[in-house]
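The values are calculated or read from the model by the stated rules, or taken from the named source; none is laboratory data. The structure displayed is predicted, hence computed values, not measured ones. Don't worry about glycine lacking a Cβ; one is built from the backbone with ideal geometry, like all the others, and counts go over all protein chains shown.
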Amino acid sequence: MELTAARRLILAQVAMEPHETVGLALALHRVCARPLKARLDSPPFTRATRDGYAVSPHDFEPAVDLPAIRLRLAGEIAAGRPDPVAIEPGEAWRIMTGAALPAGADRVIPGEFCQELDRFVLLPATAVASGMFVEQRAAVINKKQVVLERGVRVTPAYLAILAQAGIRELAVHRQPAVAYFCTGSELVDHTAALPGAGQIVCANSPLLSGLIRQAGGRPLDLGIIPDRLELLCTAFEAAQATGARLLITTGGLGPGRYDLVAAAFAQAGGRLLFQSLNVRPGRSTLCGTLGPMLFFGLPGPPGAVNILFDELLRPAILRAQGLRHVLPQTIQAELSEPLTVGKNGFSRLREAVLTIRAGKITARPSALGEAMNAVLVLPAGRCHYKKGATVTVHCHGFNFSPHDDRLK
């Protein structure tokens, strides 16, 4: 099956999680389930945006043919002063940034332009036009306006907007539970002692936990399952009992006598959607349903798990949370080194490092032991790419290379 067709088939199986109500402290990175309207204007009153003197338009309009105007200093308005005041012609109020503008005032003249003399203040006649250094009530947020649409992920900036709008809690989609287990009699847990002879540390368990959390899911680690059919069948039963929305396994999908995941899935009552993709990695990839649970059988190599999770599972987890745009962001980048791939008639997905330097986006295959932050999408039929060639890239990582100029 082609990758794009597989994505469509997967997303057709995904239903949005029901919503729950959370406070702002728990809303970060959650997805809004209902449009939110502001309960307050922001700012809730017309206020000064500079320290200075609030004045009335009557003393400045029409234009005064004098270099300065002498006004009586009526008092001071500090930020947070609860009692409203009004200004009269011929007077000025000393005012601080954020304080409510007195009724009848229309501008604030910055203090550095003015001079106090006894109980009077000298102000330049033409320094500031009407409305300057004043923020009108509801200039930022109007009461009743929609400040967050359904299907939008809550960012720190949105938390500030919601707080200003008087919103203390909101309905968000629940985070889908994603269960997983890794298969292989040679695997040992990464938290255990050093592996013994013939054993290797299971890297896919922490990898999947991180990928699931990064996508907004709740990881449920069901452990490492040896290559025995009865143990795999028991693991599938345990996964169904968790009530998870998705289940992931790694390894056990090849043609060998100990590759038993497909057989265990069938014995558990699974329904197959597809069992191979016309892309590498992806030949050994299984997808199906197990009751209400969507199942993904991924290859064993961590690099393949990372790529296929980002290409197939991340969109499903995002859609379950109510996000509208879930497919990988696609850009064009310039190869920073030559690249050669095998010729076998399949398109290829390669782990890559994406970098921005001097305004140019470049990409290269990630080295062994180097963390990826993107995927090169290489079409079938082309084997050789010169340095500087334009390639298609899927941006999955949130961080660019440490050599990114933006970090300097």
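Of the numbered conditions (1) more than 30 Å from P299 (Cβ to Cβ); (2) in contact with a strand residue (DSSP E or B) (Cβ under 6 Å, 6 or more places away or on another chain), L162 satisfies every one except a single condition; which is it? All conditions are met except number (2). Does G198 fit the bill of being touching a residue at least 12 places away in the same chain (Cβ under 8 Å) and on the phi > 0 side of the Ramachandran plot? Yes. Whether any residue in the stretch 43-51 is outside any loop (DSSP other than H, G, I, E, B) and either among the aromatic types (F, W, Y) or under 24 Å from C114 (Cα atoms) (or both) is what I want to check. Checked the stretch 43-51: at least one residue is outside any loop (DSSP other than H, G, I, E, B) and either among the aromatic types (F, W, Y) or under 24 Å from C114 (Cα atoms) (or both).
Would you check if L207 is in contact (Cβ under 8 Å) with a residue 60 or more places away in the chain, under 15 Å from T183 (Cβ atoms), assigned to a helix (DSSP H, G or I) and not basic (K, R)? Lay out the reasoning, then the answer.
Values: in contact (Cβ under 8 Å) with a residue 60 or more places away in the chain: yes; under 15 Å from T183 (Cβ atoms): yes; assigned to a helix (DSSP H, G or I): yes; not basic (K, R): yes.
Yes.
Checking every residue in the stretch 22-45 against the condition of being among the hydroxyl-bearing types (S, T, Y), in contact with a helix residue (DSSP H, G or I) (Cβ under 7 Å, 6 or more places away or on another chain) and either exposed (fewer than 13 other Cβ atoms within 10 Å of the Cβ) or modelled with pLDDT of 95 or more (or both) gives at least one match.
Within the stretch 220-238, how many residues are assigned to a strand (DSSP E or B) and either polar (S, T, N, Q) or over 36 Å from the mean Cα position of the chain (by Cα) (or both)? Don't jump to the end; show me each part of the working.
So in the stretch 220-238, the residues assigned to a strand (DSSP E or B) come out as 220-225.
From what's left, either polar (S, T, N, Q) or over 36 Å from the mean Cα position of the chain (by Cα) (or both): none.
Counting residues in the stretch 220-238 that are assigned to a strand (DSSP E or B) and either polar (S, T, N, Q) or over 36 Å from the mean Cα position of the chain (by Cα) (or both) gives 0.
Are any residues in the stretch 244-265 modelled with pLDDT of 95 or more and surrounded by fewer than 15 Cβ atoms within 10 Å (Cβ to Cβ), and if so, which ones? Listed by number, the list holds a single entry, A263.
Scan T97, T21 and give me the residue that is among the polar types (S, T, N, Q) and part of a strand (DSSP E or B). Walk me through how you get there before you give the answer.
On the way: T97 fails: part of a strand (DSSP E or B).
Going through T97, T21 in turn, just one is among the polar types (S, T, N, Q) and part of a strand (DSSP E or B): T21.
Among the residues of the stretch 69-94, which ones are crowded, with 16+ Cβ neighbours inside 10 Å, touching a residue at least 24 places away in the same chain (Cβ under 8 Å) and assigned to a strand (DSSP E or B)? Steps first, please.
Going residue by residue through the stretch 69-94, those that are crowded, with 16+ Cβ neighbours inside 10 Å are 69, 71, 73-74, 77, 85, 87, 91-94.
Cutting the leftovers down to touching a residue at least 24 places away in the same chain (Cβ under 8 Å) gives us 69, 71, 73, 77, 87, 91-94.
Those that are crowded, with 16+ Cβ neighbours inside 10 Å, touching a residue at least 24 places away in the same chain (Cβ under 8 Å) and assigned to a strand (DSSP E or B): I69, L71, L73, I77, E91, A92, W93, R94.
If I filter the stretch 266-278 down to residues being assigned to a loop (DSSP other than H, G, I, E, B) and of a type in the set (G, A, S), which single residue comes out as surrounded by the fewest Cβ atoms within 10 Å (Cβ to Cβ)? In this case the residue turns out to be G269.
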